[in-house]
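Chemist: Provided herewith is a single structure, encoded as structure tokens, for subsequent inquiry.
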Amino acid sequence: MSGLDNIGTKVVNPLPSPPEDGLSGNADAILHEIVALLEAYTATGQTGAIDLHSLPLTLDDYELLRITLADGEVHAHIDAIGNSEVRETLYPGVWWVTYYNAEGDIVADLIEVTAVPEILKAPADDVREGLAHLRELLKQEQP
Amino acid sequence: MNEPDILGASLARSGISRRSFLKFCTAMASLMALPPSAAYAMADALKRAQRQSVIWLSFQECTGCVESLTRSFDPTLEQLIFEMISLDYQETLQAASGEAAESARKQAMKASYGKYLLIVDGSIPTKDGGVYSTVAGVSNHDLLVEAAKGAAAIVAVGTCSSFGGIPHANPNPTGAVSVSDIIKDKPIMNVPGCPPIPSVIAGVLAYFITYGKLPELDNLNRPKVFFADTIHDRCYRRPFYDQGKFAKTFDDEGARNGWCLYELGCKGPTTYNACATIKWNGGVSFPIESGHGCLGCSEPNFWDKGSFYKPLPVPLADNTPIITAAALGGIAVGTAAAVISRKHQTSISEEK
Ligand code: SF4
Ligand code: SF4
């Protein structure tokens with residue numbers, strides 16, 4: 001229609017081909033960090049988190065993390081200014097938390113080591129406001 | 001309602017759940033390479049914080065900086081920023097005009113004296129008594145000096161207020177200067193860019209409100225969290241630069257193969273900004289990804305540094321050890337980048 005199709009273009013992957021296995025070593029580093037966080041959590045109850053954006057990960061690194069951690073028993077979906085996915089991994093207490101914005105881009109990608117990620121808990125203030133709203137509603141419905 | 005104007009209450013009023021807010025803080029912390037635990041501290045501190053009183057003065061400018069912020073592709077980002085602050089004066093955005101607007105500004109300045117954040121976009125003309133830009137009969141210079149007195153800190157948004165920008169370009173007919181050329185006794189943070197990236201503006205505001213101070217600054221008073229690396233340090237075309245593969249024209253084979261734009265005048269190697277990582281238009285791409293070199297818009301005097309299409313003089317100023325590491329290939333760049341973000345994290349957590 002616009003004739004744009006006639007312009008010859010070539011889509012290439014400008015990154016040099018990664019080493020044979022495509023791993024940067026960072027996935028391995030993260031897995032060891034998770035072990036350290038789990039040790040701290042079991043010993044002292046100290047929770048921890050790793051920001052996956054703070055390290056450059058290749059696609060293969062990601063894949064390795066996905067395969068190694070795998071899916072556990074819990075998968076929660078949060079609908080608040082865009083989606084969020086909270087998955088417990090095969091290792092209880094290790095959570096993979098991914099936040100998306102309203103457009104569906106990832107805005108934060110974290111591994112959390114804790115019993116329940118903070119984002120899943122109902123915040124006390126929200127609970128109090130919800131209670132007030134429900135009371136209000138019942139009051140209005142009284143004949 | 002006589003609740004104090006705290007952020008938590010204002011979020012509740014506008015129906016933003018605290019979960020949404022925690023999510024916003026996590027994204028901001030990640031953007032600024034703060035440790036994830038900082039997100040909770042940030043959410044907690046912000047919730048209880050008074051909404052920050054902000055006075056925003058626009059001088060010799062094109063309103064591009066305000067456009068960048070308010071037309072950010074993420075409507076929630078814009079909304080959340082305006083929840084975080086109480087914007088007491090902004091000529092483009094406020095409904096009031098004339099006398100009413102000016103008295104609103106004076107009132108806010110009095111009420112939050114010593115506490116408000118002063119945001120400035122645009123340069124300040126100093127020639128001929130500053131007649132080239134006035135608001136309600138007061139020159140930009142006098143307005144700035146008056147408003148700076150009661151400010152806790154000043155944020156210069158955009159290259160014009162940070163360094164003089166385009167009005168300052170040769171022959172600078174209005175004698176335009178930057179905020180820091182005039183104000184010497186206040187903490188000033190420069191957030192340059194023509195315009196700056198919206199989430200950079202949001203990030204530094206969130207930081208100031210959370211910690212009650214400006215983040216760590218570099219030698220040009222730019223927040224290190226966003227301006228520590230050059231475009232070139234983080235450019236995805238960097239492997240081609242290292243291999244010496246350069247596009248020679250905008251439509252040759254090299255350009256089509258996505259090779260480095262250095263010989264077409266890219267200023268990425270000397271430009272500190274976050275475009276290559278945060279990108280533009282909600283993370284869609286950035287100029288180099290669209291096939292054009294970086295203009296260096298976040299650097300002082302970028303307009304007067306010769307043609308945008310003339311290659312930077314070689315050899316490049318010794319460009320940190322990253323170049324040597326990068327010579328080993330893309331993975332080395334990655335490792336260097338990891339080390340750099342780690343460095344940010346430690347310097348920030350030490351600061352607390
Ligand atoms: S010179 Fe420009 S295009 Fe080439 S690698 Fe550096 S920033 Fe990227
Ligand atoms: S790529 Fe360069 S010229 Fe373009 S917006 Fe970023 S810093 Fe400015």
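The values are calculated or read from the model by the stated rules, or taken from the named source; none is laboratory data. Owing to the predicted nature of the structure, the values given are computational and were not obtained by experimental measurement. All Cβ positions, even for glycine, are placed from backbone atoms using ideal geometry, and neighbour counts span all protein chains on display. When the accessible area is computed, the model is the full protein with side chains, heavy atoms only, and any ligands, DNA or RNA have been set aside. Shrake-Rupley method; radii C 1.70, N 1.55, O 1.52, S 1.80 Å.
Chemist: Looking only at the range A:96-117, count every residue that is more than 14 Å from B:SER30 (Cβ to Cβ) and either at pLDDT below 90 or more than 12 Å from every other protein chain (Cβ to nearest Cβ) (or both) and tell me the total. Even if it seems obvious, please write down each step before you answer.
Modeler: Filtering the range A:96-117 down to residues more than 14 Å from B:SER30 (Cβ to Cβ) leaves A:96, A:102-104, A:113-117.
Then drop every residue that is not either at pLDDT below 90 or more than 12 Å from every other protein chain (Cβ to nearest Cβ) (or both), which leaves A:96, A:102-104, A:115-116.
Going through the range A:96-117 one residue at a time, the tally reaches 6.
Chemist: If you don't mind, another one. For the range B:93-128, what are the residues that are open to solvent by 60 Å² or more (accessible area, probe 1.4 Å), closer than 20 Å to B:VAL179 by Cα and not in a helix (DSSP H, G or I)?
Modeler: Correct list: B:TYR113, B:LYS115, B:THR126.
Chemist: Hey, another quick one. Being buried (at least 18 other Cβ atoms within 10 Å of the Cβ) and either near ligand 1 (Cβ under 10 Å from one of its atoms) or within 14 Å of chain A (Cβ to nearest Cβ) (or both) is the filter here; which residues of the range B:297-314 pass it?
Modeler: B:LEU312
Chemist: Same structure, new question: Quick check on A:GLY8: is it modelled with pLDDT under 90 and touching a strand residue (DSSP E or B) at 6+ places or on another chain (Cβ under 6 Å)?
Modeler: Values: modelled with pLDDT under 90: yes; touching a strand residue (DSSP E or B) at 6+ places or on another chain (Cβ under 6 Å): no.
It is false that A:GLY8 is modelled with pLDDT under 90 and touching a strand residue (DSSP E or B) at 6+ places or on another chain (Cβ under 6 Å).
Chemist: Working carefully through the options B:VAL191, B:VAL200, find the one that is within 16 Å of ligand 2 (Cβ to nearest atom) and out of contact with any Ser or Thr (no Cβ under 9 Å at 6 or more places or on another chain).
Modeler: Just a single option satisfies the conditions, and that option is B:VAL200.
Chemist: Which condition from (1) within 8 Å of ligand 1 (Cβ to nearest atom); (2) closer than 24 Å to B:ALA27 by Cα is the one that B:TYR262 breaks?
Modeler: Checking B:TYR262 against (1) within 8 Å of ligand 1 (Cβ to nearest atom); (2) closer than 24 Å to B:ALA27 by Cα, the one that fails is (2).
Chemist: Out of A:GLU39, A:GLU88, I need the residue that is open to solvent by 70 Å² or more (accessible area, probe 1.4 Å), farther than 20 Å from B:SER30 by Cβ and more than 14 Å from chain B (Cβ to nearest Cβ). Which one?
Modeler: A:GLU39
Chemist: Please verify whether A:LEU120 is under 14 Å from the mean Cα position of the chain (by Cα), in contact (Cβ under 8 Å) with a residue 40 or more places away in the chain and surrounded by fewer than 20 Cβ atoms within 10 Å (Cβ to Cβ), treating the condition exactly as stated.
Modeler: Working: under 14 Å from the mean Cα position of the chain (by Cα): yes; in contact (Cβ under 8 Å) with a residue 40 or more places away in the chain: yes; surrounded by fewer than 20 Cβ atoms within 10 Å (Cβ to Cβ): yes.
Criteria met by A:LEU120.
Chemist: Okay, next question. Report every pair of residues separated by at least 6 positions or lying on different chains whose Cβ atoms are under 8 Å apart, first residue within the range B:87-112 and more than 14 Å from B:TRP56 (Cα to Cα) and at pLDDT 80 or above, second exposed (fewer than 13 other Cβ atoms within 10 Å of the Cβ) and not small (Gly, Ala, Ser).
Modeler: Close Cβ pairs (under 8 Å, with a partner that is exposed (fewer than 13 other Cβ atoms within 10 Å of the Cβ) and not small (Gly, Ala, Ser)) do not exist here.
Chemist: Continuing with the same structure: For the range B:267-282, indicate whether the set of residues that are farther than 30 Å from B:TYR40 by Cα, within 15 Å of ligand 2 (Cβ to nearest atom) and either within 14 Å of another protein chain (Cβ to nearest Cβ) or outside any helix (DSSP H, G or I) (or both) is non-empty.
Modeler: Within the range B:267-282, the subset farther than 30 Å from B:TYR40 by Cα is B:267-271.
Filter once more, keeping what is within 15 Å of ligand 2 (Cβ to nearest atom): B:267-271.
Next cut, either within 14 Å of another protein chain (Cβ to nearest Cβ) or outside any helix (DSSP H, G or I) (or both) only: B:267, B:271.
Looking for residues that are farther than 30 Å from B:TYR40 by Cα, within 15 Å of ligand 2 (Cβ to nearest atom) and either within 14 Å of another protein chain (Cβ to nearest Cβ) or outside any helix (DSSP H, G or I) (or both), one finds at least one in the range B:267-282, hence yes.
Chemist: Determine which single condition B:HIS141 fails, assuming it passes every other condition in (1) in contact (Cβ under 8 Å) with a residue 24 or more places away in the chain; (2) open to solvent by 20 Å² or more (accessible area, probe 1.4 Å); (3) not in a helix (DSSP H, G or I).
Modeler: (3)
Chemist: Kindly evaluate A:ASP126 against the criterion of being closer than 16 Å to B:ALA27 by Cα and of a type in the set (D, E, K, R).
Modeler: no
Chemist: Oh, and also: With the condition being closer than 17 Å to B:SER37 by Cβ, I'd like the strands (runs of 3 or more DSSP E) fully within the range A:39-143 carrying at least 1 qualifying residues.
Modeler: Fully inside the range A:39-143 and qualifying: A:48-51, A:94-100, A:106-113.
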